[in-house]
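Peer 1: My structure is below; once you've seen it, I'll send some questions.
The values are calculated or read from the model by the stated rules, or taken from the named source; none is laboratory data. The model shown is predicted, which means the values in this text are computed figures rather than measured ones. Don't worry about glycine lacking a Cβ; one is built from the backbone with ideal geometry, like all the others, and counts go over all protein chains shown. Areas reflect the complete protein model, heavy atoms only, side chains present, ligands, DNA and RNA absent. Shrake-Rupley method; radii C 1.70, N 1.55, O 1.52, S 1.80 Å.
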Amino acid sequence: MYRDNCFVKTGTNTAKLKVFTQNTWDWLDVKLKNTDVKYIQKHCKNRKECVPTLRRRGKNWYLDFAFEEEVKIQDKGLEKQVIIGVDLGINNDCVCSAMKSDGTVIGRKFLDLSREKDSLNHAINRIKKAQQHGAKRTPRLWARAKGINTNIANLTAQFIVDVAALLYNADVVIFEHLDLNGKKRGSKKQKLHLWKSRAVQSIVACKMHRLGKRISRICAWGTSKLAYDGSGEVERDEKNYSLCKFKTGKKYHCDLSASYNIGARYFIREILKSLPVTSRLDMEAKVPSCSKRTTCTLATLISLNAELAA
């Protein structure tokens, strides 16, 4: 609704809209909710108000107000950065690990929304049962399932932001670059279809940018497959897929090991990027596993830091 042409604010709680109704363009008086006006005055008084958008939801029409604000992104040196490596999963919603550039892990947090996932499974089972009885379209059941799934994505994103900003005051949140295109196969293809990993990353990016912090993405190949201690590929537990066994015989949480590798790959990439070509080639010769991004683990980062210190 362009300002002065289609939208004019006549008072604190009143406005005029120019809409096409009854085969003509006419001005309509609308009243804004007092709670919405107070919310805007409280939380958005220092932001620039943009023109609203008129949207239809169901049988009703709503005005959506957008606001702009300028935020300066913090720029810290690599040695002073604290990052959060995030492994988004299907079994566990997310695993967060706070790390420093020398490979020190200063914190770990797990999120498992078991109650919400039970509600989602119950909603999906109701859809299956209706389809078995011949129902081709079940819009209400699908709307409920999609609403629960969206709520899971919002809770996951808010948990990551709280861990990064409030708990560890992290500077960067690191995600995997997940390619979910193509046809899903296997027993978990329905879970993959419902998995809103991109929505979670998008919400976290908006929230972190508002706080003046960054997000980054790394190559996802082998983060869960390789052990963080550099011992090689892991063997998944058949009874509990979240657990794995290293070649050294140690049993560990697979998603936690993956979060270590995610954070380590970010630091390895940034360290090698800052080195001259000759120094970078020298480091790659001394630490061969850092020459290929898909083989980097937390042990690679520790070895790289040791060589740089030497």
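Peer 1: In percent, how large is the relative contact order of the chain, given Cα pairs closer than 8 Å and 6 or more residues apart?
Peer 2: Values: 458 pairs, mean separation 46.9, N = 310.
Normalised by residue count, the contact order of the chain is 15 percent.
Peer 1: Straight-line reach only, C-alpha to C-alpha below 16 angstrom: list the aspartates and glutamates that Lys72 could link to, leaving out same-chain residues fewer than 8 apart.
Peer 2: Straight-line reach from Lys72, under 16 Å: Asp171.
Peer 1: Grab every C-alpha pair in the stretch 179-238, bin the distances at 5 angstrom width from 0 up to the longest one, and report whole percents.
Peer 2: Final binned percentages: 4, 13, 14, 16, 18, 18, 12, 4, 1.
Peer 1: Here is a follow-up. I need the calculated FRET efficiency for the pair Asn240 and Glu49, taking r as the beta carbon distance and R₀ as 51 Å, to the nearest 0.05.
Peer 2: Between Asn240 and Glu49 the formula returns 0.50.
Peer 1: In the stretch 77-160, which trypsin sites (Lys or Arg not before Pro) fall in coil by DSSP and have 13 or fewer other Cβ atoms within 10 Å?
Peer 2: Here the sparse-neighbourhood loop sites are Lys136, Arg137.
Peer 1: Can you pull the one-decimal nm distance between simple spin-label points at Asn181 and Leu78, each 7 Å off the Cα toward Cβ?
Peer 2: Going from the Asn181 label point to the Leu78 one covers 3.1 nm.
Peer 1: Going through the stretch 219-309, which GluC sites (Glu not before Pro) have at most 14 other Cβ atoms within 10 Å and a DSSP loop state?
Peer 2: Glu238
Peer 1: With no solvent and one point per C-alpha, what does the Debye sum give as log10 I(q)/I(0) for the chain at q = 0.07, 0.12, 0.14 Å⁻¹?
Peer 2: Debye output, listed in q order: -0.41, -0.95, -1.12.
Peer 1: Once label points are set 7 Å from the Cα along Cα→Cβ at both Arg269 and Leu194, what is their separation, rounded to one decimal in nm?
Peer 2: Distance between the two pseudo-spin positions: 3.1 nm.
Peer 1: At a 1.4 Å probe radius, which order do Tyr62, Tyr260, Tyr39, Tyr168 fall into by accessible area, largest first?
Peer 2: Numbers: Tyr62 100, Tyr260 5, Tyr39 130, Tyr168 55 Å².
Accessible-area ranking of Tyr62, Tyr260, Tyr39, Tyr168, largest first: Tyr39, Tyr62, Tyr168, Tyr260.
Peer 1: Run the accessible area of the chain with a 1.4 Å probe and give the carbon-and-sulfur part as a rounded percent.
Peer 2: 49
Peer 1: Next up: Using 0.36 nm per residue, how much length does the chain from Ile127 to Asn60 gain when fully extended, once their Cα-Cα distance is taken away?
Peer 2: 21.4 nm
Peer 1: R0 = 35 Å: FRET efficiency of Thr24 with Ala143, Cβ-based, nearest 0.05?
Peer 2: 0.45
Peer 1: Now for a different question. Quick one: helix 298-309 against the long Cα principal axis of the chain, what's the angle to the nearest 10°, folded into 0 to 90?
Peer 2: Tilt of helix 298-309: around 70 degrees.
Peer 1: Please give, to one decimal in nm, the separation of the simple spin-label points placed at Glu70 and Lys9, each 7 Å out from Cα toward the Cβ.
Peer 2: Taking the simple label geometry, Glu70 and Lys9 are separated by 2.1 nm.
Peer 1: Moving on to the next point. Once the Cα atoms of helix 197-210 and of the chain are each reduced to a long axis, what angle between those two axes, in degrees from 0 to 90 to the nearest 10, is obtained?
Peer 2: Orientation of helix 197-210: about 80 degrees from the principal axis.
Peer 1: Kindly identify the stretch 192-303 as rounded, prolate or oblate by the Cα gyration tensor criterion: order the square roots of the eigenvalues as a ≥ b ≥ c, call it rounded if a/c is under 1.5, otherwise compare a/b with b/c, prolate if a/b is larger, else oblate. Write down the numbers at each step before the final one.
Peer 2: Numbers: a/c = 2.53, a/b = 1.04, b/c = 2.42.
It comes out oblate by the Cα gyration axes.
Peer 1: Let me ask something additional. What does the helix-only formula give at 222 nm for the chain: each DSSP H stretch with n ≥ 4 adding -39500 (n - 2.57), the total divided by the residues, and the result rounded to the nearest 500 deg cm²/dmol?
Peer 2: -12000 deg cm²/dmol
Peer 1: I would also like to ask the following. Which of these, Gly249, Gly89, Gly103, has the largest mean-square fluctuation under a Gaussian network model of the chain (Cα springs below 10 Å)?
Peer 2: Sorting by GNM fluctuation, first place goes to Gly249.
Peer 1: For the stretch 218-289, which trypsin sites (Lys or Arg not before Pro) pass both filters: DSSP loop (anything but H, G, I, E, B) and at most 13 other C-beta atoms within 10 Å?
Peer 2: Taking the stretch 218-289 and a limit of 13 other Cβ atoms within 10 Å, the loop trypsin sites (Lys or Arg not before Pro) found are Lys239, Lys247, Lys250.
Peer 1: Still on this structure, please answer the following. Keeping every protein chain present and rolling a 1.4 Å probe, give me the accessible area per residue for the chain in Å².
Peer 2: 63
Peer 1: Just to be sure I understand: with springs between alpha-carbon atoms less than 10 Å apart, which residue in Leu256, Leu275, Leu155 has the highest mean-square fluctuation in the Gaussian network model of the chain?
Peer 2: Leu275
Peer 1: Can you tell me how much longer the chain between Arg217 and Gln158 gets when fully stretched, taken as 0.36 nm per residue apart minus their C-alpha distance, in nm with one decimal?
Peer 2: In short, 19.4 nm is gained.
Peer 1: Also, I was wondering about something else. Name the residues whose placed amide hydrogens come within less than 5 Å of the amide hydrogen of Leu243, ignoring near sequence neighbours (fewer than 5 apart) on the same chain.
Peer 2: Asp237, Cys254
Peer 1: Which pairs break 26 Å Cα to Cα here: Lys33/Lys196; Lys129/Lys196; Lys45/Lys117; Lys48/Lys100; Lys207/Lys251?
Peer 2: As for pairs spanning more than 26 Å Cα to Cα, those are Lys33/Lys196; Lys45/Lys117; Lys48/Lys100; Lys207/Lys251.
Peer 1: Further, regarding this structure: Rounded to the nearest 10 degrees, what's the angle between the helix 139-161 long axis and the longest principal axis of the chain, both from Cα atoms, 0 to 90?
Peer 2: The two axes meet at around 50 degrees.
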